[in-house]
Amino acid sequence: MFGDKAYSLHGVLFMAAMTLCVVSCSILLAFTGEKLYRRPLFWISAATLLFMTVFVVLRYLLLIAPVQTVFEAVLKIQTIAGMGSAIAPFVILVVFILQKFPVYLVIVLVVIALSNAAGTAAVLQLNPFNITDFYPVAGYFVFYGFFFWSYKKLFPELIIIKPEAFLKC
């Protein structure tokens, strides 16, 4: 369907962005998983990052689908991943409220969750090969950035970990 456009500028940029999402997700989960694997918030956050990463990868697969049947199959799976990607931040929001995290973190996460849900809905409505293909990548990095910005409040166990120690392991 769009396979002939896989090596266009749009396709190559999207492939690079997708690769960055996959690599950053795996590094973050490996880096934090050692200390946080017992915390439910870690697993919910990891599931959210994975849903968002899968959504990005499936969006790319739509771009390179060689035939209509593959396109339709990937489209169905992408819809499921997109719904998971849109719902998961709201699950984290509920955890934030139940665990009484600071109000500013809850407000920031509300904005992220609502904008992510609206953007995901827009992406799911449109065919690939337009500028909205990059929205899942942007949503992923906004969510990823939120965790880097607030990790001291969310996961105080990570304050003692030095990146050099992780790399030596």
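What follows draws every value from the coordinates through simple rules; no lab data is involved. None of these values were measured; they are calculated from a predicted model. Virtual Cβ from ideal backbone geometry, glycine too; neighbours counted across all protein chains shown.
Ranked by the mean number of other Cβ atoms within 10 Å of their residues, highest first, the peptides 51-61, 80-90, 147-157 come out as 51-61, 80-90, 147-157. Helix 68-98 axis versus longest C-alpha principal axis of the chain: approximately 20°, rounded to the nearest ten. Backbone phi angles across segment 112-120, fed through the Karplus curve with coefficients 6.51, -1.76 and 1.60 (θ = phi - 60°), yield HN-Hα couplings of 5, 5, 5, 5, 5, 5, 5, x, 5 Hz in residue order; Gly and Pro are listed as x.
Could you work out the Kirkwood radius for segment 33-169, taking every pair of different alpha carbons, averaging 1/r and inverting it, reported in Å? Mind dumping the intermediate values first?
Values: mean 1/r = 0.0620 Å⁻¹.
The answer is 16.1 Å.
Taken one residue at a time, the phi angles of segment 41-52 give Karplus couplings (6.51, -1.76, 1.60, θ = phi - 60°) of 4, 4, 5, 5, 5, 5, 4, 4, 4, 5, 4, 5 Hz. Gly and Pro are set to x. Dividing the summed helix terms, -39500 (n - 2.57) for each DSSP H run of n ≥ 4, by the number of residues in the chain produces a 222 nm estimate of -27000 deg cm²/dmol to the nearest 500.
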